[in-house]
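To start, the structure under review is shown below, and the notes come after it.
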Amino acid sequence: MLTAPTEVYRALGQGEFVPYFQPLVVLQTGQLAGFEVLARWKHPELGIIPPEKFIPLAEKDGWIGDLTQEILRQSFSSASFLPDSLELAVNISPVQLRDLSLPRLIQDVAAETRFPLKRLVLEITESAVMDNLEYAQTIGNDLKSMGCRLALDDFGTGYSSLLHLQSLPFDELKIDRSFVGSMTDRRDNRKIVAAVVSLGQSLGLTTVAEGVETEEQAEMLLWLGCDIGQGWLYGRPLPAEDLAAMISTPLPRIRVHSTAPAKIASVGNLSALPFQRLAQLQAVYDGAPVGLAFLDRNLRHVNLNQRLADLNGFSVSEHIGKTAAEMVPELFNQFEPFLERALMGEAIFNVEVKKPASETDGERAFLMSYQPARDEADEVVGISVALVDITEIKAADEALRQSKEKLQAVFDAIPIGIILAEAPDGRLSMANPEANRIFGHPDFSGMQISTYADSGLTRKDGTVLGPAEYPLARALLHGETTPPEDLLCESLDGSSAWVCLSGAPVHGPDGAIIGGVLAVQDIDAAKCERQRLLGMAADLMKELETHV
Ligand code: C2E
Ligand code: CA
Ligand code: CA
């Protein structure tokens, strides 16, 4: 019944074919970009008839041109009140790309309804291009020169040939909804979407994803760098009467919040497209003072920087495609377990690896980090390896440790108590055994000067030293050197003894006070020592006298 020409022309005359409008949304901002126009037949008896039922007939029976004209006229008129920024995308059947009068038809309707053609996108499927490439190119070029834009529709379902993609001056690439629908749970479809998005980007095309039904899909598309989304999440196709409501209803703005995208968000660079991010990352890679490599799941070098290449002693290109075991066999057994763990999803930081001495070089030490790299669904796709050469740092560390040890030996041997404190907090960093003995304390190291100041010190005149008067405090706070002074010191065990204290600040290279030193002498012990020496001298004298 539907096929009868009289029935069709009656329907066309009666305005039974109407455009429905489905929102096209900028994924990043949630802003409306325009609408795709989808034909419906409002049949008086059968109700709303979907396009699959009548488009094939219109193509076969030759009234597709009339239908398109009708749909264009109505949608252009309905769009007259829409903001200039909103585009309309209209579907063109493959058979119409064999009709050289199509551009003229479009131009006439646009002129009649005063619709600017720069707001019109024509959606063409790949099969339309394939059927007759020469005609398609002529028509496509005509449409472009009129100011229209061209979209390649349903990409991924047909041949998905790159030849067809570049045969016409396309502006947009529409990814078929069959991939989008299952991309969140089917890895292969996700990879196809990712590949199509980056293909579109590399060719400078706007990418549009059809059939976006869930926030999860929108989020993943956004993370992959897709520009425009269309689907039930943003709205179903609705008649012209609903256009006003559609442009005033806020659309869901997708925020990236799952694991993989969040990492990118935290870098604060969501506005960059993936290939821009890649270029940026490559620059960081090449300029880093650290050796960097990216290994795939088979531990092959996918990328590395010059620094790492130099460390391994091969060129960057000699690494590409080779495994870590092939490139650095002498080290591989050391880091294999970490690579295994990283492949299981664990991030490992700062593991020390030693490279044995070679003919040309001594033993070298490296600090290595291994981080799993994840794709948009959180699967580990490879390992990011970072490595710093710490050989020099370690040598310097060792020299410092040795000089510290020597200093400690001197410290421990001298018969004067020495305490070192750090500025500005007054933490006691070192105390020799003599200092500990004099103050009757097991060990001062690590204590704060304030604690130490609690053990009372009294002058010969009986006045007690205030907390800010302690030689160490004066040295740290004011940079003062205090001359030796005899003081009565109360030890922590309650006993008291006369000691002689002096203090001095320690200055850093820039003159700032970086610490203080306190010297303490046990006067009684010194007296005893003097007494003992005097006694020995007296004995000696006596002996000498007896001999004389
Ligand atoms: P299409 O160009 O691929 O249009 C997108 C189809 O996906 C539309 O079906 C739309 O309603 C549907 N869709 C949109 N969002 C979602 C979603 O989130 N989930 C699902 N499952 N589907 C979604 P519709 O309107 O039935 O149109 C079917 C096809 O008919 C269109 O596919 C297009 O090829 C053709 N068509 C529609 N109007 C015209 C027209 O005026 N001229 C021509 N030549 N073809 C038309
Ligand atoms: Ca379409
Ligand atoms: Ca489509």
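The values are calculated or read from the model by the stated rules, or taken from the named source; none is laboratory data. What you see is a predicted model, and the numbers here were worked out from it, not measured in a lab. So basically every Cβ, Gly included, is an ideal-geometry build from the backbone, and we count neighbours across all protein chains shown. For accessibility, only protein heavy atoms count, side chains too; no ligands or nucleic acids. Shrake-Rupley method; radii C 1.70, N 1.55, O 1.52, S 1.80 Å.
Answer yes or no: is there a residue in the range 152-163 that is within 14 Å of ligand 2 (Cβ to nearest atom) and either among the β-branched types (Val, Ile, Thr) or part of a helix (DSSP H, G or I) (or both). Checked the range 152-163: at least one residue is within 14 Å of ligand 2 (Cβ to nearest atom) and either among the β-branched types (Val, Ile, Thr) or part of a helix (DSSP H, G or I) (or both). One residue stands out in the range 35-62 among those that are outside any helix (DSSP H, G or I) and within 16 Å of ligand 2 (Cβ to nearest atom): the one that is nearest to Met246 (Cα to Cα), namely Phe35.
Got at least one residue in the range 79-91 being in a helix (DSSP H, G or I), within 25 Å of Ile175 (Cα to Cα) and of a type outside the set (S, T, N, Q)? No, every residue in the range 79-91 fails to be in a helix (DSSP H, G or I), within 25 Å of Ile175 (Cα to Cα) and of a type outside the set (S, T, N, Q). Hey, does the range 119-127 have a residue that's more than 15 Å from ligand 1 (Cβ to nearest atom) and modelled with pLDDT of 95 or more? Yes, there is a match, as at least one residue in the range 119-127 is more than 15 Å from ligand 1 (Cβ to nearest atom) and modelled with pLDDT of 95 or more. A count restricted to the range 173-199 and to residues that are open to solvent by less than 50 Å² (accessible area, probe 1.4 Å), within 16 Å of ligand 2 (Cβ to nearest atom) and in a helix (DSSP H, G or I) stands at 4. Just a yes or no: is a residue in the range 121-135 out of contact with any Leu (no Cβ under 8 Å at 6 or more places or on another chain) and among the hydroxyl-bearing types (Ser, Thr, Tyr)? There is at least one residue in the range 121-135 that is out of contact with any Leu (no Cβ under 8 Å at 6 or more places or on another chain) and among the hydroxyl-bearing types (Ser, Thr, Tyr). Residues of the range 72-91 that are touching a Phe, Trp or Tyr at 6+ places or on another chain (Cβ under 9 Å) and within 16 Å of ligand 3 (Cβ to nearest atom): Glu87, Leu88, Ala89.
For the criterion of being touching a residue at least 60 places away in the same chain (Cβ under 8 Å) and under 19 Å from Arg437 (Cα atoms), Val506 fails. One residue is enough: does the range 457-480 have a residue meeting the conditions in a helix (DSSP H, G or I), surrounded by 17 or more Cβ atoms within 10 Å (Cβ to Cβ), of a type in the set (Ser, Thr, Tyr) and in contact with a strand residue (DSSP E or B) (Cβ under 9 Å, 6 or more places away or on another chain)? Checked against the condition, which is being in a helix (DSSP H, G or I), surrounded by 17 or more Cβ atoms within 10 Å (Cβ to Cβ), of a type in the set (Ser, Thr, Tyr) and in contact with a strand residue (DSSP E or B) (Cβ under 9 Å, 6 or more places away or on another chain), the range 457-480 yields no hits at all.
So is Leu168 within 16 Å of ligand 2 (Cβ to nearest atom), at pLDDT below 95 and over 20 Å from Cys226 (Cα atoms) or not? Here the answer is yes, as Leu168 does meet what is asked. Which one of these is closer than 30 Å to Pro250 by Cα and within 8 Å of ligand 1 (Cβ to nearest atom): Ala58, Ala33, Ala39? On inspection, the qualifying residue turns out to be Ala39.
Restricting the search to the range 183-219, which residues are more than 16 Å from ligand 3 (Cβ to nearest atom), within 23 Å of Pro237 (Cα to Cα) and touching a helix residue (DSSP H, G or I) at 6+ places or on another chain (Cβ under 7 Å)? Listed by number, the list holds a single entry, Glu219.
The sole residue among Gly13, Gly30, Gly65 that is open to solvent by less than 70 Å² (accessible area, probe 1.4 Å) and either within 16 Å of ligand 2 (Cβ to nearest atom) or free of Cβ contacts under 8 Å to residues at least 40 places away in the same chain (or both) is Gly13. Quick one: how many residues across the range 134-151 are within 17 Å of Gln96 (Cα to Cα), in contact with a Lys or Arg (Cβ under 7 Å, 6 or more places away or on another chain) and modelled with pLDDT of 95 or more? Final tally of qualifying residues: 2.
Consider the range 411-427 and keep the residues that are out of contact with any Ser or Thr (no Cβ under 6 Å at 6 or more places or on another chain) and in a strand (DSSP E or B). The one that is farthest from Glu480 (Cα to Cα) is Gly417. Here's a check for you: in the range 11-34, which residue that is among the small types (Gly, Ala, Ser) and either at pLDDT 95 or above or in a loop (DSSP other than H, G, I, E, B) (or both) is farthest from ligand 3 (Cβ to nearest atom)? Result: Gly15.
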